[in-house]
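The values are calculated or read from the model by the stated rules, or taken from the named source; none is laboratory data. Keep in mind that what you see is a predicted model, and the values were worked out from it rather than measured. Note that we place each Cβ from the backbone using ideal geometry, even for glycine, and neighbour counts take in every protein chain shown. Only protein heavy atoms, including side chains, enter the accessible area calculation; ligands, DNA and RNA are left aside. Shrake-Rupley method; radii C 1.70, N 1.55, O 1.52, S 1.80 Å.
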Amino acid sequence: MSDAASQFTPAHLLHGVTSHPAPAPMQHLPIARPLRLWPGVLIVVLQWAVIKVPGLVDADPFMQFMCMFWGPVAGAVALAGWWLFASRLRWADRVLALLVCALAGIGATLLSHPSFKYGMLMYGLPMVTTAWVGWLLLTPFLNWPIRRAGLLATLLLGWGACDLVRMDGIDGNFSAELNWRWALTEEQKFRAERAARLLSSDPPAKASGKVLELKPGDWPGFRGPNRDGRLTGVRIATDWKENPPRELWKQRVGPGWSSFAAIGDRLYTQEQQEDDEEAVVCYRASTGEELWSHQVATRFTEDVSGAGPRATPTFHEGKIYAFGANGHLSCLDAITGRVHWESDVAKGSGAKVPQWGFSSSPLVHRGIVSVFAGGPEGKSVLGYHAKSGKVAWSAGEGELSYCSTQLARLGGVEQLLIATEAGLSSFHPTKGDVLWHHSWPAAKIARVVQPAVLSETDVLIGTGFSVGTRRLRVTHKDKKWAEEEVWTTRAIKPYYNDFVVYKDHLYGFDGPFFTCVRLEDGVGLWRARGYDNGQVLLLADQGLLLVMSEWGKVSLLEASPEKHTVLGGFQAYQKGKTWNHPVIAHGKLFVRNGEWMACYQLAEPGNEKAGK
């Protein structure tokens with residue numbers, strides 16, 4: 001009898017009822033719940049908002065940096081929390097993905113290019129977390145085994161991609177310049193091109209024994225004769241839209257943030273010429289031909305701003321004074337490059353090499369060469385005898401500054417000013433005695449921009465990182481000095497971008513904004529974007545501002561408190577960030593960054609064809 005037939009009994013037949021087999025007991029299978037993805041998407045969106053928004057709405061670089069540093073960390077922690085406790089996946093899948101991500105991240109960091117270890121957190125981590133959520137967001141149509149395998153592959157590839165690049169510095173907005181790690185660096189390209197130039201060119205003619213003299217139209221050093229970025233006695237054509245400045249020459253230059261000193265047909269700057277050779281270089285201003293190079297066996301570099309010297313050479317009475325990033329101070333013959341004397345400022349002051357390198361451009365006054373050293377025990381500023389290089393004096397307590405000493409006349413007395421983390425200090429130029437000190441502490445913040453002398457009583461001090469700018473009044477009566485705050489404003493908070501003063505207003509950079517501030521009360525009048533973090537030069541006779549943007553665009557503006565007016569502009573070069581100050585000498589504009597330098601002929605008013 002079959003199983004089916006055995007289900008029918010006589011009782012069923014008697015009652016005329018047909019019975020079906022009883023169903024088997026139901027098994028309790030686990031129900032797979034779908035992935036809860038929206039918290040992950042929200043976390044990634046918020047992470048990028050934290051990273052990007054401060055740079056768009058706030059000019060404070062410290063806040064921007066902290067958001068870019070801690071934003072990825074907070075995003076990764078929040079993403080891990082969502083994945084472990086709110087994703088609704090099987091625990092095995094949750095643990096597996098986190099474990100693969102962590103191990104891949106550690107491995108990628110160990111294998112990354114040395115320059116990018118700093119960038120793994122700020123740039124690599126947010127890229128990987130975005131790829132994580134992005135893969136899941138784009139693949140809901142796949143079954144989970146394939147989706148899981150794709151997720152693991154995405155994590156491995158995301159971290160692996162970080163090992164393919166190197167970081168060639170960071171700009172003023174903390175955006176990294178990334179290149180393939182095997183590609184030639186701009187420094188390597190410069191060395192190859194320089195070698196080819198030297199090989200193909202005739203040796204420079206032997207210089208005569210005459211002494212080079214400073215003449216009208218020369219630019220003797222950092223920010224001009226008075227270190228204020230102000231140019232007088234010069235007028236240029238302003239019709240740049242029809243007649244832009246004409247390029248005379250352009251060529252690669254070694255890395256560094258030095259500007260130029262321009263004396264006659266000679267152009268002086270500092271650069272890293274070889275891998276381990278920092279150099280003071282003299283070029284022919286009219287052609288860019290290298291005339292001589294004085295090299296020192298040293299190299300300073302760090303991941304954010306790169307390699308090379310930071311300060312600008314100073315011309316004085318036939319000599320060039322140059323200060324290297326590791327503290328090497330040189331006095332050279334301006335015509336031949338012959339060494340007169342050299343000194344190690346770091347050793348002489350007991351100062352450590354600063355985080356961004358020694359950056360003080362030497363100031364020569366009354367036979368004394370002064371530089372900021374930041375040494376302990378009263379060796380903040382050092383003065384050297386210009387003829388011998390022997391230490392004349394050391395004084396001051398500030399240890400953090402990237403300023404240069406500034407000559408000023410306040411209260412009828414000549415003095416040297418320096419802005420440090422402690423405030424503003426004044427020194428006797430030849431003796432080094434501290435005349436007065438205005439205490440304005442900026443905790444562990446190195447001031448960078450030059451103090452701006454407004455009159456025989458008033459000085460401006462600029463400070464970045466949301467601190468602001470202060471107008472200070474200094475008086476000298478009965479052989480006693482007194483200083484008081486006139487106002488402090490946060491309308492401009494200059495970090496490493498010097499400002500200029502013209503007709504009761506100052507013009508300069510407040511982070512990525514170019515701005516105008518009234519000197520009477522520190523009130524900001526207008527702000528404009530478009531220049532990133534650049535530098536500015538004032539052509540005072542015409543009330544013009546020449547702005548060099550961080551990315552190589554030169555713009556001509558009206559120095560007007562009424563509104564931001566652009567008269568014209570042009571792209572000086574296509575690559576490299578420009579933190580170097582522009583120079584105008586003898587009708588020519590000289591610009592450079594850490595990769596390129598160029599010379600442009602400026603047309604005179606009524607002679608616009610010279611600019612064609």
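A few comments on the model shown:
- Partners of Lys479 within straight-line reach, counting lysines whose Cα lies under 20 Å from its Cα and excluding those fewer than 8 residues away in the same chain: Lys431.
- Rounded if a/c under 1.5, otherwise prolate or oblate - region 232-375, Cα gyration tensor axes: prolate
- Among the trypsin sites (Lys or Arg not before Pro) found in region 533-610, those both in a DSSP coil and sparsely packed, with 15 or fewer other Cβ atoms within 10 Å of their Cβ, are Lys563, Lys575.
- Inter-probe distance in nm under a simple model that places probes 7 Å from Cα toward Cβ, at Trp526 and Arg90: 6.6
- Solvent-accessible surface (1.4 angstrom probe) belonging to Arg94, in square angstrom, nearest 10: 20
- The residues Thr129, Thr238, sorted by heavy-atom accessible surface at 1.4 Å with ligands and nucleic acids left out, run Thr238, Thr129 from largest to smallest.
- Farthest toward the positive end of the dipole of the chain, out of Gly124, Ala373, Trp82, is the Cα of Trp82, where the dipole comes from beta carbon charges about the Cα centre.
- For Lys503, the lysines whose Cα comes closer than 17 Å to its Cα, not counting residues fewer than 8 places off in the same chain, are Lys563.
- Space enclosed by the convex hull of the alpha-carbon atoms of region 517-612, per residue, Å³: 113
- In this rough spin-label picture, where each label sits 7 Å from Cα along the Cβ direction, the Asn226-Glu456 distance is 1.5 nm.
- Summed over qualifying helices (DSSP H, 4 residues or more, each -39500 (n - 2.57)) and divided by its residue number, the chain shows a 222 nm mean residue ellipticity of -6500 deg cm²/dmol.
- Taking the C-alpha atoms only, the angle from helix 91-111 to the longest principal axis of the chain is near 30 degrees.
- Surface accessible to a 1.4 Å probe, Leu557 within the full protein complex, Å²: 0
- Using only side-chain charges placed at the Cβ, +1 for Lys and Arg and -1 for Asp and Glu, the dipole size of region 451-545 relative to its Cα centre rounds to 180 debye.
- Of (i) 21.9, 63; (ii) 32.3, 139; (iii) 25.3, 79, the label for Rg and Dmax of the Cα atoms in Å derived from the coordinates: (ii)
- The angle separating the long axis of helix 125-138 from the principal Cα axis of greatest extent in the chain is about 40 degrees.
- Residues Trp182 and Thr489, FRET efficiency given R0 of 51 Å [Cβ-Cβ distance, rounded to 0.05]: 0.55
- Kirkwood hydrodynamic radius over Cα pairs of region 397-525, then Stokes diffusion coefficient at 10 °C and 1.306 mPa s, in µm²/s: 109
- The charge dipole of the chain, taken about its Cα centre with unit charges on the Cβ of Lys, Arg, Asp and Glu (plus for the first two, minus for the last two), comes to roughly 520 debye.
- DSSP loop GluC sites (Glu not before Pro) with at most 13 other Cβ within 10 Å: longest gap in the chain: 1-212
- For the set Val44, Val95, the ranking by accessible area, highest first and with no ligand, DNA or RNA atoms included, is Val95, Val44 under a 1.4 Å probe.
- Per residue accessible area of the chain, 1.4 Å probe, in Å²: 45
- Applying both filters, DSSP loop and at most 11 other Cβ atoms within 10 Å, to the chymotrypsin sites (Phe, Trp or Tyr not before Pro) of region 273-327 eliminates every site.
- The H on the amide N of His505, modeled in the peptide plane, is under 5 Å from the matching H of Leu519, each at least 5 residues off or on a different chain.
- Legend: calculated FRET efficiency, Ala195 to His505, from the Cβ-Cβ distance at R0 = 60 Å, rounded to 0.05, equals 0.80.
- When +1 charges are put on Lys and Arg Cβ atoms and -1 charges on Asp and Glu Cβ atoms, the dipole computed for region 81-176 relative to its Cα centre reaches about 420 debye.
- Ranking Leu42, Val474, Leu410 by how far each Cα lies toward the positive end of the dipole of the chain (charges on Cβ) leaves Leu42 at the top.
- Carbon/sulfur fraction of accessible area - the chain, other protein chains in place, 1.4 Å, %: 59
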